[in-house]
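The structure appears below as structure tokens.
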Amino acid sequence: TNSYSDDNGHGTHVAGIISARNDGIGLVGVAPGVQLYAVKALNQNGVGNLTDILEGLDWAINNGMDIINLSLGSEEDSLTLQQMVDRAYDEGILVVASAGNSQDGIPLSINTVNYPAKYDSVIAVAAIDSANTRGSFSSVGDEVEVAAPGVNIISTYVKADGTEGYAMT
């Protein structure tokens, strides 16, 4: 697509957690004054290919982003992906990625952290709930560096019909 508009909802949800401004109606993000850029690499189903992700990363690097958030992951390692996130890191960009949502029903002794979160140049983030307990789905492994609220979070959302509002995910 040529549009950076969110046709999946997840990007808007994450953007609201980060940057929602106090308008007296909804919620306030953790950094309401930040400048966010939507770099769309996945389709309306949250699916994409490595080339699209690499192009998004390249755009973010070439346009001087300070932080790259990758709310995506794969069980497959890729030297090309590692080289791209390493390049971002080498250029002083903080790269943050979801550790993954792969732990449900899998013993905690088994590392399920996804790529790119598994790379040393990326901060791997796991999900916790309001009781500071790991979300049952949230991947575990030595690469996890921080846990943040990620269970039943209310934030901005674009619904399937294109209307804006709030949702809990």
Only residues in region 158-169 that are among the basic types (K, R) count as the first member; pair them with residues that are assigned to a strand (DSSP E or B), Cβ under 8 angstrom, at least 6 apart or cross-chain, and list the lot.
K159/G165; K159/A167
What strands (runs of 3 or more DSSP E), lying completely within region 26-138, carry at least 3 residues that are free of Cβ contacts under 8 Å to residues at least 24 places away in the same chain?
none
Quick one: what pairs do we get from region 141-152, first residue in contact (Cβ under 8 Å) with a residue 40 or more places away in the chain, second exposed (fewer than 12 other Cβ atoms within 10 Å of the Cβ) and among the acidic types (D, E), C-beta under 9 Å, 6+ apart or different chains?
E143/D120
Could you tell me whether A117 is touching a Leu at 6+ places or on another chain (Cβ under 6 Å) and under 27 Å from S136 (Cα atoms)?
no
Scope region 151-166; condition open to solvent by less than 30 Å² (accessible area, probe 1.4 Å) and modelled with pLDDT of 90 or more; matching residues
S155
Could you tell me how many of the residues in region 75-116 are closer than 14 Å to I53 by Cα and modelled with pLDDT under 95?
0
Say we look at region 104-126 and pick out the residues that are aliphatic (A, V, I, L, M) and touching a strand residue (DSSP E or B) at 6+ places or on another chain (Cβ under 7 Å); which of these is surrounded by the most Cβ atoms within 10 Å (Cβ to Cβ)?
A117
Flag if Y89 is among the aromatic types (F, W, Y) and either closer than 24 Å to S19 by Cβ or open to solvent by 60 Å² or more (accessible area, probe 1.4 Å) (or both)
yes
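Scanning region 65-83 for residues that are touching a Phe, Trp or Tyr at 6+ places or on another chain (Cβ under 7 Å) and closer than 14 Å to Y115 by Cβ, which turns out most open to solvent (accessible area, probe 1.4 Å)?
Of everything passing the filter in region 65-83, E76 is most open to solvent (accessible area, probe 1.4 Å).
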Hey, G9 touching a Phe, Trp or Tyr at 6+ places or on another chain (Cβ under 6 Å), open to solvent by less than 70 Å² (accessible area, probe 1.4 Å) and within 16 Å of G165 (Cα to Cα) or not
yes
Tell me which residues, restricted to region 26-36, are open to solvent by less than 80 Å² (accessible area, probe 1.4 Å), under 19 Å from D66 (Cα atoms) and not aliphatic (A, V, I, L, M).
G29, P32, G33
Condition test on D23, is it open to solvent by less than 50 Å² (accessible area, probe 1.4 Å), closer than 25 Å to D161 by Cα and among the acidic types (D, E)?
no
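The values are calculated or read from the model by the stated rules, or taken from the named source; none is laboratory data. The structure displayed is predicted, hence computed values, not measured ones. Note that each Cβ is placed from the backbone with ideal geometry, even for glycine, and that neighbours are counted across all protein chains shown. Please note that ligands, DNA and RNA were not included when accessible areas were found on the heavy atoms of the full protein model with its side chains. Shrake-Rupley method; radii C 1.70, N 1.55, O 1.52, S 1.80 Å.
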